[in-house]
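Beneath this line is the structure, given in structure tokens, with notes to follow.
The values are calculated or read from the model by the stated rules, or taken from the named source; none is laboratory data. Note that the structure is predicted; figures quoted are calculated from it, not measured. Here the Cβ positions follow ideal geometry from the backbone for every residue, glycine too, while neighbour counts run over all protein chains shown. To get the accessible areas, we keep the full protein, side chains included, count just its heavy atoms, and leave off ligands, DNA and RNA. Shrake-Rupley method; radii C 1.70, N 1.55, O 1.52, S 1.80 Å.
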Amino acid sequence: MSEGLRKGVVTVSAGAVIGVVEVVLAISFAVLVFSGFLEDARPAGIGIYLVAAALTLAILAWRAGTRGVVGSVQDAAVPVLAIVASSAALHTFGGVDQAFLTVVAATMIVTLLTALTFLVLGTFRLGNLARFIPYPVIGGFLAGTGWLLMKGGLAVAASTDPQLGTIGQFVDHFELVRWLPAFAFGVVLLIATRVVKRALVIPVVLVIGLVAFAIGLLVTGSSIQEARDGLWLLGPFRAARLWQPWTYRALTSSGTDWSAVFHEIPGMATAVFVAVIGCLFNVGGAELLLHRDLDSNQELRDVGLLNVVSGLFGGIPGYHALSLTALAKQMDVDGRGAGLVAALVPLATVAFGASIVGLIPRMIVGGVLVFVGLSLLVAWLVDMRHSLPLGEYLIVPAIVVTIATKGILTGLELGLILAVILFAVNYGRIDLVREVPFGAAFRSNVDRPYGDRVILEGLAERVQILRLNGFVFFGTARGLLERISRRAQAGPVRFLLLDLRRVTGVDASGVFAFRKVTLLAEASGFEVVFADASDRVQSQLQRGGLVATDGVVRFEPDLDHSLQRCEDELLAEAPPEASGADDGFAELPPHLEPYLERRSIPEGAVLIHQGDAPDDVFVLESGRLRVEWATSDGGRVRLNTVRPGAMVGEVALYTGLRRSADVIAEVPSVVLILSRASIQRLEAEEPATAAALHRWLATTLAVRLTDAQRVYSALLD
């Protein structure tokens, strides 16, 4: 056999197996949704779901089959749709036909809304949206749908919905012998898939189940008619045809009760939500299964397209199927070819008609639903127990119990509430406030003489610097307030500096906490300085009553100006003898006067231009200089402020690189200039003095390098 023929045979075989599994799933889901009052319409419902299965397999094979993906009608929204269908049927005025058309209309709307959601998420590249929903909450939703599927499977097998109030009837011998084999079949299927771990195990167990049922009929001597009369089979069905254009009739005929459809909007919205969550979860699972990165936005657009088509035919939401994708991968076949072949199987089932479908045992259909439900329950209630912290894990059973006792909508509400609480608790545990030391590491860009620096380092405890990150809300505001209160009680604080550059927003609780800080500041005698608050954050603070108040609250444009204000105030309040040291920068080596040039600089004049040649070193004798960097877009950034006794230009003199910034006189100033030519003349005429000069310059550079390393280490801490 040639290689091409062999691949063709394998692809057809894999497609046939996938198609058979998909037929069983589609029939199982249809039987669950079209039950109770809608049971007479079950053949039409099965036909709709089989057509939806064929469309899902074919379209996803065409769009994503080359990536190895196989699609399927999915179970996530089925339990919710079953509840919607039951409620819509009860609220519909008319008979079974009107109720059926109403359910078809509701299902079409659910699938089309799901398709629209997929397309919007994929088009606007929001495929990672599921990451914003806490993992335990997703697990709770999926485990809750698992419970509903398992319960629905038992109802299908026993033809009675298990309820706490009717548990005695459900364990009656007639019911027990019908649902117990279905439950056992589901358990066997679950164990087989978890132990054998081969994709072919599902179709093999299905065949074994059908053979076991046939042997049971032979052993008991029961005929097909007796099996039908005993409610062991899905049939008989009154209608012989499985499919008609039901959505067209639902939209054009007067039989659809649209008021009943609109009455189910909350349930329909829940079905859309669960389907979207399930799809996003399966896309991530498909990546792990196929060992390749998938563009989640492309996947969403593809499933959005398929659900538009399926929805127009009344089908339920469909998307990536992990089990069928694993089967295709295990058999090493092309997903596109296998998916297209598989799509023919549900179409062929529709063509054979209701008589064939009616021969399928209820225990098989119910057992498949039990298997799918148990798979979700075990995955999230058992497997995740050791993967999640206890606090997060308890959210999963809480949602499951709520869905089981109060319903899917209440479970959804609880899940969303728990998601908010879980976010608040986890976010509140993150230390978004970082305290940094003032003086030695964190100080302004004002280049102060040595004596002033000694004074500021001695007053480091008078300034508390807190750098805040993220969103300040009720979960973090309390801890921030407690930290500030402890510091205020530990010793006298003159300034509280709050760096808000990385704060994205403040809620009402955060604003209230800041207001309490200002009250504490007023009572304790310190000043609160808000640094680098964005326009949004500052507006939020002002709306909450936080405005600049002399001596209590002040707003500064950035951290540098805030630090400068604190330093200026502390130096102004310090006694002159506080430093206990002379001005180290002012101690120029002796005998330099003949080589120095004294120059007066008027206010606003540029002493050094960015890009100039590095020919001079400057020592500020009096006044104040500002070092600015001109950005490429025309903006200007203050890098430093130079006070008397400090030096500028020494780095460029040694490196030979052009000036990296402008130096501008903020006030009338006097500088001492030592040119490169003067230094060369000094080296020739007075080598000892030149050596002392270079030692002085090297000492200055070493001090600045040490300061820079200290600041860098503080920033990395």
Unmet criterion (only one of (1) over 17 Å from the mean Cα position of the chain (by Cα); (2) surrounded by fewer than 23 Cβ atoms within 10 Å (Cβ to Cβ)) for ARG125: (1)
Restricting to the stretch 597-635, name every residue that is closer than 22 Å to ASP568 by Cβ and under 48 Å from the mean Cα position of the chain (by Cα). ARG626, VAL627, GLU628
In the set LEU119, LEU81, LEU90, the lone residue that is surrounded by fewer than 23 Cβ atoms within 10 Å (Cβ to Cβ) and under 25 Å from LEU369 (Cα atoms) is LEU90
With the first residue restricted to the stretch 620-632 and required to be in contact (Cβ under 8 Å) with a residue 40 or more places away in the chain, and the second required to be surrounded by 14 or more Cβ atoms within 10 Å (Cβ to Cβ) and basic (Lys, Arg), Cβ contacts under 6 Å at 6 or more apart or on different chains are none
Being under 28 Å from LEU101 (Cα atoms), surrounded by 15 or more Cβ atoms within 10 Å (Cβ to Cβ) and at pLDDT 90 or above narrows ALA269, ALA182 down to just ALA269
Of the residues that sit in the stretch 250-263 and are in contact with a helix residue (DSSP H, G or I) (Cβ under 6 Å, 6 or more places away or on another chain) and closer than 20 Å to PHE313 by Cβ, which one is surrounded by the fewest Cβ atoms within 10 Å (Cβ to Cβ)? GLY255
Confirm whether ALA275 is open to solvent by less than 30 Å² (accessible area, probe 1.4 Å), out of contact with any Pro (no Cβ under 8 Å at 6 or more places or on another chain) and in a helix (DSSP H, G or I). no
I'd like to check something: does the stretch 666-682 contain any residue that is basic (Lys, Arg), open to solvent by 30 Å² or more (accessible area, probe 1.4 Å) and under 49 Å from the mean Cα position of the chain (by Cα)? no
Has the stretch 605-612 got at least one residue that is in a loop (DSSP other than H, G, I, E, B), open to solvent by less than 50 Å² (accessible area, probe 1.4 Å) and closer than 15 Å to LEU672 by Cβ? no
Filter the stretch 213-230 down to the residues that are open to solvent by 60 Å² or more (accessible area, probe 1.4 Å) and of a type in the set (A, V, I, L, M, F, W, C) and list them by number. ILE215, LEU218, VAL219, ILE224
What are the pairs with Cβ atoms under 6 angstrom where one residue, in the stretch 456-472, is free of Cβ contacts under 8 Å to residues at least 60 places away in the same chain and the other, located anywhere, is polar (S, T, N, Q)? Sequence gap at least six, or different chains. PHE471/THR504
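Okay, residues lined up against (1) over 30 Å from the mean Cα position of the chain (by Cα); (2) at positive phi; (3) not in a helix (DSSP H, G or I):
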{"position": "LEU388", "(1), (2), (3)": "no, no, yes"}
{"position": "GLU392", "(1), (2), (3)": "no, no, no"}
{"position": "LEU412", "(1), (2), (3)": "no, no, no"}
{"position": "VAL454", "(1), (2), (3)": "yes, no, no"}
Quick check on the stretch 615-623. Is at least one of its residues surrounded by fewer than 17 Cβ atoms within 10 Å (Cβ to Cβ), part of a strand (DSSP E or B) and among the small types (Gly, Ala, Ser)? yes
Scan (1) surrounded by fewer than 15 Cβ atoms within 10 Å (Cβ to Cβ); (2) in contact with a Phe, Trp or Tyr (Cβ under 8 Å, 6 or more places away or on another chain); (3) at pLDDT 85 or above for the single condition PRO602 breaks and write down its number. (2)
Which residues, counting only those in the stretch 683-697, are open to solvent by 50 Å² or more (accessible area, probe 1.4 Å), assigned to a helix (DSSP H, G or I) and of a type outside the set (Lys, Arg)? GLU683, ALA684, GLU685, PRO687, ALA688, HIS694
Scanning the stretch 614-634 residue by residue, those among the small types (Gly, Ala, Ser) and either modelled with pLDDT of 80 or more or touching a Phe, Trp or Tyr at 6+ places or on another chain (Cβ under 7 Å) (or both) turn out to be SER622, GLY623
Just to be sure before I move on: is ALA260 more than 21 Å from THR66 (Cβ to Cβ) and touching a His at 6+ places or on another chain (Cβ under 8 Å) in the structure I sent? yes
So which pairs qualify, if the first residue must be in the stretch 527-549 and without any contact (Cβ under 8 Å) to a residue 12 or more places away in the chain, the second must be open to solvent by 20 Å² or more (accessible area, probe 1.4 Å), the Cβ gap must be under 6 Å, and the two must be at least 6 apart or on different chains? ALA548/ARG554; ALA548/PHE555
All but one of (1) farther than 18 Å from PRO589 by Cα; (2) in contact with a Phe, Trp or Tyr (Cβ under 6 Å, 6 or more places away or on another chain); (3) open to solvent by less than 30 Å² (accessible area, probe 1.4 Å) hold for VAL637; which doesn't? (3)
For THR325: the one exception among (1) in contact (Cβ under 8 Å) with a residue 24 or more places away in the chain; (2) open to solvent by 30 Å² or more (accessible area, probe 1.4 Å); (3) hydroxyl-bearing (Ser, Thr, Tyr): (2)
Any residue in the stretch 208-232 that's farther than 20 Å from GLY153 by Cα and touching a residue at least 12 places away in the same chain (Cβ under 8 Å): show its pairings with residues that are open to solvent by 60 Å² or more (accessible area, probe 1.4 Å) and among the aliphatic types (A, V, I, L, M) at Cβ separation under 9 Å, as long as the two are six or more apart or on different chains. ILE224/LEU359
